[in-house]
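Novice: The structure follows.
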Amino acid sequence: MNRRIGQIREKIDLFALLKAGRMQIRARWAYAVLGGIVFFGSLFIFDGWNEQALIISSVAAVITMLLIVFMGKALYRNAFLIIVCFGMLFCLVTPILDTPDETAHLARAMYLARGKFFVSQEDSQLLISEDYKRIYSQSQKTLFKNDLNVSDSGILMIESNGLKATNAYAFVSYLPQALGIGFGRLINLSVLWSYYLGRITNLLFYAIMIALAIKITPLFKQLFFIAGTIPMGIYIAASYNQDAFGIGIIFVTLAFYFKLLSKQDHQIKVLEIVGYTGLCMLITVTKFPFVLLVLLPAFIPLRKFDKAAYQCVFLGIILAAGFSLAWMKFYTAIPHPFVPEGVNMIKQIQFLIGDPIVNMQMMGQNLLEGLINYLMLFNFGWLSYGSNGLGLLYLFFYGSVAVFYPRELRQSPATRIGALLVAAGIYVAITLSMYLTWTPVGSSVVNGVQGRYFIGFLPLIPLMLNIGPSFKQLEPLQIKQYGNIVTLVPVYFLIMSFTLTLKQYY
């Protein structure tokens, strides 16, 4: 009798499982259909109803719908697939050299593809392929309308200014792009496809780094997912911009920090602090102000460290500070070739010191008003088109999730305050550096600050502000609904951003 009852229960459980599976598939198809509606609705709103845009949108909509339907439970895999799929769309649809600073970044990648790791101070040594001129002459032209489907010439030319503009970044930032260019030449691809292959390899590196960060972190995986799939991040990664490398390494570093933060008492070892310090030093040569992340372990509760590990935190800070100063001295040896008129760092510092109270007020106002730069996260091209409305919606979405998403671990006030101080320090450092190096002497407005500069500390926001309930207080259905929101809403933002780009050129 008991055996028969057990068999009946197994059949009921199997039936319930199958029913739940069918409901989940139906829900996924509903979300996919909604994605298609968002696609064509956005195209209509942005006035992209011409034949070519409709054809591309139809193909992209089918890809997106299938992506939504077949996304799995592993968040890091979903992130990788989303970044690659939408990154490829951005990569192929965005015209040649039509992303921020792509001209200079392409020059550096071509320079590295020749095996040149450091930018020379001698103009005669700044040699890259003359195909740079070919590509530059086709700027703003699309994949379907250009004259680059020719073989690489292999002839060298002198190109100095673009290369000098990248001296603040180490060669490692350009390895993915250079590998793409080099492989394209190795298999005798045309100039056009070698160019696009460099974009694609940069995108793949970014996708791998974001997926790795999501897999590593035990906390706020969903927030890492949202920040890592932000449209501007993927858009930049689908170009030659070295920010893809910098943002990727920053996300991995923060994921490693959250891993340290979640450890039990006396579990943080010396080797882990050494590894974290090494990552911060790598950040120094890619996104300089973010070296301040090296301070974060100092705000982890002391009880979580092994005996010698906490002392190593401060040794790591000193080492990172020394390395940062050495790197600054190295890269400032070659002046930036495109400095605006009236810019002089020494005179700007003298101006700030001359009336410190008034200038502190001025900088405070700029820091407050500078928050609006986050809207530039939805300005694409050479910041030539965008949507402030999408920017506002995204900030509202990310802010809401960061504050109210269910918490996984209660943090000490010191840890939260430390994260706030570090994030504020990075924000001030970015703004101050642009005032010193990109703003005319005596100006009351800081020039050159862009929203994408701050993508790196988005994962820190929930650590500072999260006040959500514990996951233990939620029902399984609520947890599932939270998961759907954080996975699907970023896809819809990507859809709208892609249609905005599509409308601009097709």
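The values are calculated or read from the model by the stated rules, or taken from the named source; none is laboratory data. Values in this document were obtained by computation on a predicted structure and should not be read as measured data. FYI the Cβ positions are ideal-geometry reconstructions off the backbone, even for glycines, and counts take in every protein chain you see.
Novice: Can you pull out the residues in region 304-363 that are small (Gly, Ala, Ser) and part of a helix (DSSP H, G or I)?
Specialist: Residues satisfying the conditions are Ala309, Gly316, Ala320, Ala321, Gly322, Ser324, Ala326, Gly354.
Novice: So if I check each of Ala165, Ala113, Ala107, which one is assigned by TED's automatic domain parsing to the domain that holds Arg199, among the small types (Gly, Ala, Ser) and touching an Asp or Glu at 6+ places or on another chain (Cβ under 6 Å)?
Specialist: Testing whether each residue is assigned by TED's automatic domain parsing to the domain that holds Arg199, among the small types (Gly, Ala, Ser) and touching an Asp or Glu at 6+ places or on another chain (Cβ under 6 Å) leaves just Ala107.
Novice: Taking the criterion of being of a type in the set (Val, Ile, Thr), farther than 30 Å from Ala113 by Cα, under 19 Å from the mean Cα position of the chain (by Cα) and surrounded by 24 or more Cβ atoms within 10 Å (Cβ to Cβ), would at least one residue in region 219-240 satisfy it?
Specialist: Yes, region 219-240 has at least one match.
Novice: Then there is this: Among the listed residues Leu436, Leu463, Leu432, identify the single one that is buried (at least 16 other Cβ atoms within 10 Å of the Cβ) and in contact with a Ser or Thr (Cβ under 9 Å, 6 or more places away or on another chain).
Specialist: Selected residue: Leu463, the only one of Leu436, Leu463, Leu432 that is buried (at least 16 other Cβ atoms within 10 Å of the Cβ) and in contact with a Ser or Thr (Cβ under 9 Å, 6 or more places away or on another chain).
Novice: From Leu282, Leu261, which residue is crowded, with 18+ Cβ neighbours inside 10 Å and within 25 Å of Pro413 (Cβ to Cβ)?
Specialist: On inspection, the qualifying residue turns out to be Leu261.
Novice: What pairs can you find where one residue is in region 82-109 and among the aromatic types (Phe, Trp, Tyr), the other is assigned to a helix (DSSP H, G or I), and their Cβ atoms are less than 6 Å apart, with a gap of 6+ or different chains?
Specialist: Final answer for the pair search is Phe86/Ile234; Phe86/Leu494; Phe90/Tyr235.
Novice: Moving to a separate point now. Of the conditions (1) polar (S, T, N, Q); (2) surrounded by 12 or more Cβ atoms within 10 Å (Cβ to Cβ); (3) modelled with pLDDT under 90; (4) under 30 Å from Leu97 (Cβ atoms), Ser384 clears all except one; give me its number.
Specialist: (2)
Novice: In addition: Pairs needed: first member in region 436-464, on the phi > 0 side of the Ramachandran plot; second member anywhere, in a loop (DSSP other than H, G, I, E, B); C-beta distance under 9 Å; at least 6 residues apart or different chains.
Specialist: So the pair list comes out as Gly442/Gly342; Gly448/Pro340; Gly448/Thr439.
Novice: What are the residues in region 129-159 that are surrounded by 16 or more Cβ atoms within 10 Å (Cβ to Cβ), within 28 Å of the chain's Cα centre (by Cα) and closer than 22 Å to Ser173 by Cβ, if any?
Specialist: Within region 129-159, Tyr132, Ile135 qualify.
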